[in-house]
Amino acid sequence: MRKGLQNSENTENRNYKIIAVDDEEGIIDSLSIFLKRSGYDFTGVTNPQEAIDRVRNEHFDLMILDFIMTPIHGNQVVEEIRKFNKELYILLLTGHKDLAPPLETIRRLDIQGYCEKSDKFDQLLLLIESGIKSISQMNEIKKINRELKDTNSMLEKAYLESIETLRYTVEAKDSYTRGHSDRVSELSVLLGKKVNLSEEDLKTLKIGGLFHDIGKIGVPDSILLKESKLTEDEYSEIKNHPSIGAHILSTATIFKELIPIVKHHHERYDGHGYPSQLQGDDIPYLARITAIADSFDAMTSRRTYRDSLPMNTVISEFERCKGTQFDPQLTDIFLDILKNHLDDIKLIQEKYK
């Protein structure tokens, strides 16, 4: 029974790669016999620099490391390894406990344990078995995290597809809105790149731009498609769409980063916008970017009651509304795009005609 159990343990041990580093060839030979007999995948190295290179280029689960070595000591080996590998489980061997590095150094370098060298390897084997259990648990945690990430990605994809369906439903109502959200999305990202936003913020801008008008699903067609001037009551209905959109997205926590864009892209820098009359820097930054992209696309799109505005008129309008309707610093950057990089905008317009 015990023999069968031991064989099972040996088979399991083969899943773990151990590297030992000691400048004494005899120690490496002894460890090789001892650990291979226990079933481990073992590599022995006498050159500390070679050990660093091996760990950099190969996967090992656990390192057994002599402290006093030439040309560099064990703590220097760990210093180098920790620059590129934070996860390797390291056990330190010392010729005598008085020669061990200070506890502060052991903690700083995240060395998991140490023991004195001996003709018998019982204590070392216990430390190795304890280390392997810790490594096994960490691997299981990583596996669970990967599975959770995959599950969350699937949920996110399903939610995005559902909201995309709503978006296309809105765009199907009105020829103007067809392509509008795509253009606003890409124009927002273009401006976001100019102000050096992070990749995460650019992703939020991109999706926020796609869904910024999702609340129009709750606006009656008679108002949304009206060709003549809207009454005050009808305009009030239109002004509800940011709040409606925010409410739609609030049902899924994965959209929480989008809600500020959807809810506040019609706020004005002077505080006279809607729905919350936010002013200046109180308006979420990504919403201020989307507001510029949204207004630009509105001005340059053909409507039933007017043609698209010429570019010089659009530029004049942004200059006039800088600091009142739009964030002044973002407006200056967008004006630079209009005056000096108009081809970037034309590519987006051509893509989503």
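The values are calculated or read from the model by the stated rules, or taken from the named source; none is laboratory data. All values derive from a computational prediction rather than experimental measurement. We place every Cβ from the backbone using ideal geometry, glycine too, and count neighbours over all the protein chains shown. To get the accessible areas, we keep the full protein, side chains included, count just its heavy atoms, and leave off ligands, DNA and RNA. Shrake-Rupley method; radii C 1.70, N 1.55, O 1.52, S 1.80 Å.
Quick rundown of the values:
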{"quantity": "Count of residues meeting criterion [in contact (Cβ under 8 Å) with a residue 60 or more places away in the chain and over 27 Å from the mean Cα position of the chain (by Cα)] in the range 116-135", "calculated": "7"}
{"quantity": "Phe296 vs. criteria in contact (Cβ under 8 Å) with a residue 24 or more places away in the chain and farther than 22 Å from Leu224 by Cβ", "calculated": "no"}
{"quantity": "Of the criteria (1) touching a residue at least 40 places away in the same chain (Cβ under 8 Å); (2) open to solvent by 40 Å² or more (accessible area, probe 1.4 Å), which one Leu65 fails", "calculated": "(2)"}
{"quantity": "Residue among Pro284, Pro275, Pro260 that alone is touching a Pro at 6+ places or on another chain (Cβ under 8 Å), more than 30 Å from Thr151 (Cβ to Cβ), open to solvent by 30 Å² or more (accessible area, probe 1.4 Å) and touching a residue at least 24 places away in the same chain (Cβ under 8 Å)", "calculated": "Pro275"}
{"quantity": "Selection from the range 30-77 of residues that are under 35 Å from the mean Cα position of the chain (by Cα), farther than 10 Å from Ile18 by Cα and among the aliphatic types (A, V, I, L, M)", "calculated": "Ala51, Ile52, Val55, Val77"}
{"quantity": "Inter-residue pairs, beta-carbon under 6 Å, first over 27 Å from Ile214 (Cβ atoms) and in the range 136-164, second of a type in the set (A, V, I, L, M) and in a helix (DSSP H, G or I), 6+ apart", "calculated": "none"}
{"quantity": "Candidate set from the range 301-342 (those that are crowded, with 17+ Cβ neighbours inside 10 Å and hydroxyl-bearing (Ser, Thr, Tyr)); member that is modelled with the lowest pLDDT", "calculated": "Ser301"}
{"quantity": "Ile90 in contact (Cβ under 8 Å) with a residue 24 or more places away in the chain, part of a loop (DSSP other than H, G, I, E, B) and closer than 19 Å to Asp23 by Cβ", "calculated": "no"}
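Residue by residue, here is whether (1) touching a strand residue (DSSP E or B) at 6+ places or on another chain (Cβ under 8 Å); (2) without any contact (Cβ under 8 Å) to a residue 60 or more places away in the chain; (3) surrounded by 15 or more Cβ atoms within 10 Å (Cβ to Cβ) holds:
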site: Arg14; (1), (2), (3): yes, yes, no
site: Ala20; (1), (2), (3): yes, yes, yes
site: Glu24; (1), (2), (3): yes, yes, no
site: Leu31; (1), (2), (3): yes, no, yes
site: Ala51; (1), (2), (3): yes, yes, yes
site: Arg54; (1), (2), (3): yes, yes, yes
site: Phe60; (1), (2), (3): yes, yes, yes
site: Gly74; (1), (2), (3): yes, yes, yes
